[in-house]
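The structure appears right after this line, and notes come after that.
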Amino acid sequence: MRNIEILLVEDNPGDIRLTKEALKESKITNNLHVAIDGVEAIDFLKKRGRFANSPTPDLILLDLNLPRKGGIEVLAEIKANGQMKVIPTVVLTTSQSEKDILKSYELHVNCFVTKPVEFDAFATVVRSIEDFWFTIVKLPKMEQQ
Amino acid sequence: MPDNGIQENTRFVGRKKKEKPGVKKVLQPRLAIINSFTLIAVVYCISSSILFFSVVGNYFLSAVHLLALLSVVTNYFVLLRTKNFKRATNVILTTGTVVVVSLFTTGGWENTGYLWPFAYLPYAFFLTERHTVMHWVVALFSGCILAVLLHIAGAITIPYSPVAIANFFAALLVFTMCILLFQKATVKREEFLSYTGALLEAAPDAVIVINDQGQILKWNDKAEILFGWKEHEVAGRLLSSVIIPLRYREAHKKGLKRFLETGEGPVLNKTIEIKGLNKSNKELDVALSISPVIVKEKYQFIGFVRDITEQKKAEEKVKESEHMFSTLFHSSPVLNAISEASTGKYIEVNDAFARFFDFTKEEMLGKSSIELNILSRPEERELIIKKIQQDGFVRDAETQTISKNGKTRWVSTNIDIINLNGKDCFLTAAIDITARKEAEEEIRKMNMELERRVEEKQTLYSSIVNSSDDAIFSRTLDGIITSWNHGAEKSFGYSAKEITGKHISILIPPQLMNEENEIMEKIRKGEGVDHYETERIRKDGKIIYVSLTISPLRDSLGNITGASKISRDITERKIAEEEKIKYTHDLERSNKELEQFAYIASHDLQEPLRMVGSYVQLLEKRYKGKLDADADEFIHFAIDGANRMKQLISDLLNYSRTSRETQITEVDIAKVLGDVKKNLTTSIMESNAKINHNGMPVIKADRTQMMQLFQNLIANAIKFRKEDEAPVINVKAINENGHWFFSVSDNGIGIEKEYSDKIFVIFKRLNDKAKYGGTGIGLAIAKKIVERHRGKIWFESELGKGTTFFFTLKNLQS
């Protein structure tokens, strides 16, 4: 079994580190790739520029509050793209706004998760996401490029 | 002479009362003629008889004259007795004729025998009818001619020469002619004779002639008409049986008999009114006058009868009407009096009149109003009399009177002039108008009082108008200002003097002239305008805001002539209102900003807080017990702080969200409470709390907020429970005028009074943080929710016994 590739779109280094720490405690071996804004996220997904050799992620963890290109825009692009839209995309944000939640689901987000304040809770959430998407759910086979 | 005769006759048939009754006097003129004629005849007869006897010695002629004398004298006495002139003259004429013929045939008097006719014939004309005279003239001629023929035949011998005879006849002829000519001159007498017949028929009255037996001799047409009997039906019948009613017949007979015996006739030659009877046995009222005449030595009676039934009826009517008027006069409640115009003395007064003045009738009669002293102002009487003299009457003269007993009263009087027995009199009719006068006086007083009050009111009004701070002024329909009070001077800056007579448009901003015209249209229709807010220009050009109350002004006929305006300067209020609106607006904006700020702040605060919280936990997790004890304690405080901060931010977020999002739907409060109980399951179980509610309504409200409200209150009640007692929470609801009135009561620790105004303030905690926890936002949110539902929230509490929260909710429309 190959390593799971996860793309974290997150500008906050604290959160990036927390996510990494949380994933460390995971049973599933994974490679975490980070895009620090929406533009980088799209470049990564389209393997452009320095991301030309990047792998296609198995899961996207998307923050909404991003510099340059916002999370909602990124989500819209992902879900509008024939190849990218099959990638399970989880909005992982501090926002609890109903508006954001609704908007995200309208754009076919796979699920919307608010970041818990406590680390333990956060770690649990991240692990749960991993578990759910990689051990419970059946996903379509993806052609590796 | 003939005229006299007619006059005498006329007088004879006349019915003048003045004439004394009796036959003798009436017949005297005629008797005088007879007397003189008889005297001449007697003298002639005696002297001729003596002459023939003693001088001539012709005894035959002497005897003839004695016989003639005898005839004349006899007839004279018969005439005196019977008053039958015809008979008397006939006898005289016969005698004369015999004497003349005797003279002629015997030639006794030497050709003078023809003088005889001259002696008596003219008298005959006055005494008898024409044809009778002619008869005797013819007899005379015939006798003389016969004598001549006998002489020629030789049977007798007339002792005259033929010349003398011719002379005689010529004289006789001339005489006859003289008679005929004379007759012509006396035709009037004849006419009179025919008059009597005509008179009889043409008389306007019924004329009836009866004889001394009471039998009807003559009966003219009028009598036929009056009584219905034809002349031939009644001729010869007893008058009494024909036209005299049974009950008067005896009296009639007696009267007739008495007259014939004694010559006394009290009913003769005067008019009496008696009853008559007509053919159909109906009684008639008739006026009768009877004159006796002597016909053929016997009395006859000529009766003139006139039907006075109509006259009687008219008289009855007059009597009735007199009676009626008299009754009217006397029994009327109107005060009636008749007084002499010249003296003013009362001739007649009615009971009402006398009673009114407390006099008896007798006391008043013969005295004048002045003498009786019944006029309060006697001098007025002169004026009234002058007016009567001028107009002939007085109407509704109002006079004050005094009665004998001193009662003063008012009467309204009508006076007319009437003529009574040739004297001018005043007919006075008066009615008592004291009550009306008093009422009028009362009304006058009331009017005066009213006027005084109106004046007072006007004074009051004008002082109000003058002292009012409001501008009060008026304008005509054409817009000319007619009045201007002190308030208006202050308000608009113009003095009354400068603006009166000017056009209203100087007060109105040009762009608002239309508005003024619309208002005036309303005024013309009689409508007013209340508290109309608009702008006006002051004298100094400043715009002021005014509230106008405009009413139509009407003249006494109710026509609208203009408008009164009360203008209140509301500039300050307007400014204040505008400021208030601005403040409200600002406040709303700032509230919104604040909410936005709170939301954003809490949202953005969460990010760093999460970092702090997460890493401190990570630190604790990885390095607890690996550093020293101090480090462990520090980490513990850091984690605790981060947790509290998290709670605060979360509450703040909730609080700010409450005001932003409201969705009104039908909310079943019972269901809401069910959900709340589910949410609070843990603490309910822990505390063994009991929550009671029933009869919860379905209201229009925001469901989420309702849940939050009840949850906060119930959670609060559970939280502040007594340590040794399980909480019992009662929720109740009452509907009051469309508002819902709820109460949530507990048996908890209660709230001290001094904190009652702090309890709903956000993040205000009253209790020990360690014991009760919480940020103190629950009641602040509850208050906000209630207020968003346009209600109120308050509480009543007793320390140590429990607290009841009350709140009202308006049934909001979605």
Please work out the FRET efficiency for the pair B:Glu310 and B:Tyr59, using the Cβ-Cβ distance as r and a Förster radius of 51 Å; give the result to the nearest 0.05. 0.10
What does the net charge come to around B:Gln511 if you take all other residues with beta carbon closer than 14 Å to its beta carbon, with K and R at +1 and D and E at -1? -3
Each residue of B:634-646 has, on average, a number of other protein chain C-beta atoms within 10 Å of its C-beta equal to 1
Grab the beta carbon distance between B:His503 and B:Ala601, set R0 = 45 Å, and tell me the FRET efficiency rounded to 0.05. 0.10
Among rounded, prolate and oblate, which fits region A:4-136 when a ≥ b ≥ c are the square roots of the eigenvalues of its C-alpha gyration tensor, a/c under 1.5 means rounded, and a/b larger than b/c means prolate? rounded
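Quick one: putting +1 on the C-beta of Lys and Arg, -1 on the C-beta of Asp and Glu, what dipole do you get for region B:624-747 around its Cα centre, in Debye to the nearest 20? Can you show the working numbers first?
Values: 16 positive and 17 negative charges, 91 e Å.
Computed about the Cα centre, the dipole is about 440 debye.
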B:Glu320 to B:Arg444: FRET efficiency via 1/(1 + (r/R0)^6), r the Cβ-Cβ distance, R0 45 Å, to the nearest 0.05? 0.45
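Evaluate the charge dipole of region B:314-382 about its Cα centre and quote only its size in Debye, nearest 20, assuming +1 on the Cβ of each Lys and Arg and -1 on the Cβ of each Asp and Glu.
120
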On a straight-distance basis, which lysines could pair with B:Lys582 in a cross-link, Cα separation under 18 angstrom, same-chain partners fewer than 8 positions away excluded? B:Lys574, B:Lys592
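With +1 assigned to the C-beta of every Lys and Arg and -1 to the C-beta of every Asp and Glu, and no other charges, what is the dipole magnitude of region A:22-75 about the Cα centre in debye, to the nearest 20?
Magnitude of the dipole: close to 200 debye.
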Sort the following peptides by mean Cβ neighbour count (other Cβ atoms within 10 Å, averaged over residues), highest first: B:419-428, B:143-152. B:143-152, B:419-428
With -39,500 (n - 2.57) per DSSP H segment of 4 or more residues and division by the full residue count of chain A, the 222 nm estimate, nearest 500 deg cm²/dmol, is -11000 deg cm²/dmol
Enumerate the lysines that B:Lys345 could reach by cross-link, defined here as Cα to Cα under 16 Å, with residues fewer than 8 away along the same chain left out. B:Lys361, B:Lys367, B:Lys423
Which of B:Ser656, B:Phe637, B:Ser687 sits closest to the plus end of the dipole of region B:610-691, meaning its Cα is farthest towards the positive end, when Lys and Arg get +1 and Asp and Glu get -1 on the C-beta? B:Ser656
Extended-chain gain in nm, criterion 0.36 nm per residue less alpha-carbon gap, B:Val43 and B:Ser412: 123.7 nm
In region B:486-520, which residues have a backbone nitrogen under 12 Å from the label point lying 7 Å from B:Lys574's Cα in the Cα-to-Cβ direction? B:508-509, B:512
Using alpha carbon centers only, region B:322-357 is separated from region B:664-707 by a whole-angstrom value of 106
Taking a crude spin-label model, label points 7 Å out from Cα along the C-beta direction, the B:Leu383 to B:Lys732 distance in nm is 8.9
Please list, ordered by chain and number, the residues whose modelled amide H lies under 5 Å from the amide H of A:Asn31; skip anything fewer than 5 residues away on the same chain. A:Ile4, A:Glu5, A:Ile6
If each part is reduced to its alpha-carbon centroid, region B:383-398 and region B:729-764 end up apart, in Å, by 97
Starting from the 7 Å offset along Cα-to-Cβ, what nm value, one decimal, do you get for the label separation of B:Ile581 and B:Lys792? 2.9
Can you list the aspartates and glutamates whose alpha carbon is less than 17 Å from that of B:Lys502, not counting same-chain residues fewer than 8 positions off? B:Asp478, B:Glu489, B:Glu516, B:Asp540
Can you list the HN-Hα couplings for region B:318-327, worked out from phi with the Karplus curve (6.51, -1.76, 1.60; θ = phi - 60°), rounded to whole Hz and with x for Gly and Pro? 4, 4, 4, 5, 4, 5, 4, 5, 5, 4
Using a simple spin-label model with points 7 Å from Cα along the Cα→Cβ vector, what separation in nm is obtained for B:Val334 and B:Lys753? 9.2
Hey, if you put +1 on the Cβ of every Lys and Arg and -1 on every Asp and Glu Cβ in region B:414-572, which of B:Met520, B:Ile537, B:Ile431 ends up farthest toward the positive end of that dipole? B:Ile537
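Report the net charge of residues surrounding A:Glu118, where surrounding means a beta-carbon distance below 11 angstrom and charges are Lys +1, Arg +1, Asp -1, Glu -1.
So the environment of A:Glu118 carries a net charge of +2.
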Can you run phi through the Karplus equation (6.51, -1.76, 1.60; θ = phi - 60°) for region B:435-446 and list ³J(HN,Hα) in whole Hz, with x for Gly and Pro? 4, 5, 4, 4, 4, 4, 4, 4, 5, 4, 4, 4
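Rule-based calculations on the coordinates, nothing more; no lab input. Here the structure is a predicted model, which is why all the values come from computation and not from measurement. All Cβ positions, glycine included, derive from the backbone under ideal geometry; neighbour counts span all protein chains shown.
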